[in-house]
1. Quick one: length gained pulling residue 124 to residue 55 fully straight, 0.36 nm per residue minus the C-alpha distance?
2. Below 8 Å between Cα atoms, with a sequence gap of 6+, how large is the relative contact order for the chain in percent?
3. With every protein chain kept in place and ligands, DNA and RNA left out, what is the accessible area per residue of the stretch 1-110? Probe 1.4 Å, answer in Å².
4. What is the packing order of peptides 106-114, 178-186, 25-33, 77-85, taking the mean over residues of other C-beta atoms within 10 Å and listing the highest first?
5. Rounded to a whole number, what % of the accessible area of the chain do carbon and sulfur atoms account for, probe 1.4 Å?
6. May I ask you to give the solvent-accessible area per residue for the stretch 303-395, in square angstrom, as obtained with a 1.4 angstrom probe?
7. With every protein chain kept in place and ligands, DNA and RNA left out, what is the accessible area per residue of the stretch 246-288? Probe 1.4 Å, answer in Å².
8. P(r) for the chain, please, calculated from all Cα pair distances in 10 Å bins and given in %.
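The values are calculated or read from the model by the stated rules, or taken from the named source; none is laboratory data. Keep in mind that this is a model prediction, so the values were computed, not measured. Neighbour counts are summed over all protein chains in view; Cβ atoms, including those assigned to glycine, are modelled from backbone coordinates with ideal geometry. Each accessible area value is taken on the protein alone, full model and side chains, heavy atoms only, with ligands, DNA and RNA left out. Shrake-Rupley method; radii C 1.70, N 1.55, O 1.52, S 1.80 Å.
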Amino acid sequence: MHVLHVAPYFPPTWAFGGIPRVVDGLSRALVDRGLSVSVLTTDVLGPGERARLPQVRDHHGVKVGTARNLSNRLANRHQLFLPMDARGVLGRLLAHRPPVDVVHLHGHRHLLNNVAVRWAQANRVPVVLTANGTLTRHERKVGVKVLWDLFVAGHIPGAASRCVAVSAADAADHVRAGIPPERIVRIPNGLDLAEFSPLPPRGHFRAAHGLGDGPIVAYLGQVSPRKGVDRLVQAFAGGGPLGSQLVVAGNDMGGMAEARRHADGSVRFVGLLSGRERLGLLADADVLVYATTAEVFGLVPFEGLLCGAPVVVADDCGCGEIISEAGAGLLVRYGDVPALRARITTLLRDRVAAGAMVARGRTYIRRHLGFPVVAERHHQLYAELCGPPAPSRQG
C-alpha cells in the first residue's frame with residue numbers, strides 16, 4: 001500500500017505547531033509497518049528563511065517532495081501557501097514509485113490540498129482529511145476564511161471519503177461543519193515515545209537560562225490570542241505562586257504583545273525551542289500550563305507528562321477531555337485567572353498527587369497515543385477505503 005500525505009509544512013519546519021510533528025511521526029510509523037509513504041509539502045521554514053532541501057528527498061524511508069512557495073513572507077505571516085509547480089513536484093515525487101492507494105490531507109485551507117484533490121479525483125484515489133483544528137473558522141481572519149471557503153477550499157472536506165477527528169470535541173466541530181457522522185472517524189494524534197528516552201538531565205535547561213532555584217511553571221507552544229498566554233501571565237502578577245517563575249516558550253502568532261504587556265519580573269520569554277532544548281524545558285518544569293481554547297487535541301500536555309511535568313489544561317478543549325479521561329492533570333475554565341493560579345498552586349504544593357497524575361498520564365499515553373498504535377488505526381482506515389483494486393490513470 002502506498003499513502004501520499006499532503007501538508008504545507010514538514011520537518012525541519014517546527015514553528016507551525018503540531019501538524020509537522022504529527023505527519024512526520026505517522027509517516028515514519030507507517031513505513032515501519034511496511035507501507036510506502038510519500039509526502040508533498042512546501043519550503044516554508046521561518047520568517048526569514050526557506051527550507052533549503054532537494055526537491056525530492058528521502059526522510060527516514062519517507063519520500064518527500066518540496067514545492068517552493070511564491071512568497072515566504074505570506075506563508076509565515078499569514079499562512080497563505082502559494083506553492084509553485086506543485087503538480088510538477090508531485091509528478092517527480094511519484095515517479096518510479098508504486099501507484100498511490102490513498103491521499104491523506106493534513107490541515108485545511110492551503111492550496112496543496114486543491115492540487116492533491118484534483119489529482120486524486122482524476123486517478124480515482126480515495127481521500128482522507130485530518131483538519132487538526134483548522135476546519136472551523138476561529139481566532140483570526142474569519143472574514144477571509146469565509147471568502148476562502150466560498151471561492152477556493154469549501155469543496156475540500158466534501159471531497160474526502162473520510163474525515164479524521166482527533167477528539168470528541170473535534171468530531172463535534174466536524175458535525176457542525178456539515179460533515180455526515182458516518183464519514184467521521186476518531187483517531188487521536190500520536191507521539192514518538194522514543195523521543196523521550198533518554199530525557200535531558202533535569203536542571204540543564206534551568207542552568208543554561210539562569211533560572212535560579214525556584215519552581216518553574218512552563219508554557220510551550222505558539223503565542224496566539226486563543227492560547228491564553230496573556231491570562232497565564234496575569235496569574236503571575238505580583239509574583240508567581242509559591243515563589244515560582246513562568247517560562248513562556250514559543251513563536252509569536254499575534255499574541256506576544258498582549259502577553260508581554262502583563263509581564264513582570266516573574267515571567268521569562270525564551271522564544272521558539274526545538275529538539276532537546278524543548279524537552280529540556282519540559283523536564284525542568286514543575287508545572288506545565290496549556291489553558292488554551294478551541295484546541296481539538298494539543299500535543300504539548302502529553303509531551304509534558306512524558307517529561308515528568310504535571311499539567312493544567314483548559315476544560316473546553318480536546319486535550320482537556322483526554323487529560324480528564326486519563327486522570328492525568330487539573331482542568332480550569334479558559335480565561336479564569338484566579339482559578340488558574342489556584343491550580344498551579346495545588347500542583348506545586350502537593351507533589352505526591354502531582355506525581356500520581358504524571359504516572360497515570362504516562363500509562364495512558366503508552367497505551368493509546370504512541371505512533372505504532374495510531375499508525376495501526378490509520379492503516380486499518382486506509383485498507384477499508386481501498387477495497388478491491390480499481391483501474392487507475394495515475395501518471
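1. Details: separation 69, 0.36 × 69 = 24.84 nm, distance 2.60 nm.
Additional length available on full extension: 22.2 nm.
2. Values: 790 pairs, mean separation 56.8, N = 395.
So the answer I get is 14 percent.
3. Details: 4260 Å² over 110 residues.
Per residue, the stretch 1-110 has an accessible area of 39 Å².
4. The densest-packed peptide leads the list: 106-114, 25-33, 77-85, 178-186.
5. 53
6. Computed with neighbouring chains in place, this is 47 Å² per residue.
7. Computed with neighbouring chains in place, this is 38 Å² per residue.
8. Cα pair-distance distribution for the chain, in percent: 5, 23, 33, 25, 12, 3, 0.
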